[in-house]
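Notes for the one structure printed next.
The values are calculated or read from the model by the stated rules, or taken from the named source; none is laboratory data. Worth saying up front: this structure is predicted, and the values here are computed from it rather than measured. In this analysis, Cβ positions are derived from the backbone assuming ideal geometry, glycine residues included, and neighbour counts consider all displayed protein chains. Each accessible area value is taken on the protein alone, full model and side chains, heavy atoms only, with ligands, DNA and RNA left out. Shrake-Rupley method; radii C 1.70, N 1.55, O 1.52, S 1.80 Å.
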Amino acid sequence: MEFDYAFITSYLVAFTMGLFSSMHCIGMCGSIIGTLTLSLSPDIRNKKARLFPFVLNYNLGRIVSYTLAGALVGVIASLLNMPLSHGEGHRLLQLLSALIMASAGLYIAGWFPRFAYIEKAGLHVWKKIEPFGRKLIPVKNHTQAYLFGMVWGWLPCGLVYTALTLAATTGDITQSALTMLAFGLGTLPAVMGVGIMAGALMRLSRMQYFKQVVGLLMIALALVAALPWLNPYALTTHLRNH
């Protein structure tokens, strides 16, 4: 089986992007988890051992929604690619993904605030979905927490949209979904950690130099997305196969 370095790169870039962007978005995600936590009974929210399964189920629901969105983007990308040759369409999507990712890096660093306008693209869909989330409050069991997470996974977010453009470059519905799964798993450590060490994470996310470092790393990821052969794993495997 031939090694598909572009596909492996999409996984690695998506997971790393999730790690970086979750620290930037921790204020938004933290407030959502705060809403979930406050809706629980005091007996649950004051005991981390009982609170943890609720936060975990919320995040699992959120990641499932990311994965479903990835599959949907895969379908749309396949339809858009039909008039073009496979290689030409894939390359155009790759370059578009890299451009949006670099813009996201500039936004995180505080150098391109207008990138936030991209979130308006999902407002129409969000207005249709958000009422279902409100109906789940107060959350009383793990199933409700999971469904609550699935709803909030569709919250308009420019960085999630950036990951979706990367997923679209895979050119395959399943791979697109799995790329978004990788992105969601990348966000998991920071978002799960909000309930355990919220103060430290919130302080870190407010530091301007930290945001700039994360932004620059996102720009570096954009280069890897545009030029997948820059990926160290891809280069190592290519040399080994030749």
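Within the range 1-36, count every residue that is open to solvent by less than 30 Å² (accessible area, probe 1.4 Å), of a type in the set (S, T, Y) and modelled with pLDDT of 65 or more.
3
Given the structure, is L72 more than 14 Å from the chain's Cα centre (by Cα), surrounded by 14 or more Cβ atoms within 10 Å (Cβ to Cβ), modelled with pLDDT of 90 or more and not small (G, A, S)?
On the way: more than 14 Å from the chain's Cα centre (by Cα): yes; surrounded by 14 or more Cβ atoms within 10 Å (Cβ to Cβ): yes; modelled with pLDDT of 90 or more: yes; not small (G, A, S): yes.
Answer is yes for this residue.
Tell me the helices (runs of 4 or more DSSP H) entirely within the range 95-176 that contain at least 1 residues that are under 25 Å from L79 (Cα atoms) and open to solvent by less than 50 Å² (accessible area, probe 1.4 Å).
123-135, 158-168
Have a look at G110, G149 and point out the one that is at pLDDT 90 or above and in contact with a Lys or Arg (Cβ under 7 Å, 6 or more places away or on another chain). Let's see the steps before the verdict.
Working: G110 fails: at pLDDT 90 or above.
Exactly one of G110, G149 is at pLDDT 90 or above and in contact with a Lys or Arg (Cβ under 7 Å, 6 or more places away or on another chain), namely G149.
Return the residues of the range 113-146 that are closer than 30 Å to I219 by Cβ, among the charged types (D, E, K, R) and at pLDDT 80 or above; say none if nothing qualifies.
If the condition is that a residue be closer than 30 Å to I219 by Cβ, among the charged types (D, E, K, R) and at pLDDT 80 or above, then R114, K120 are the ones that fit.
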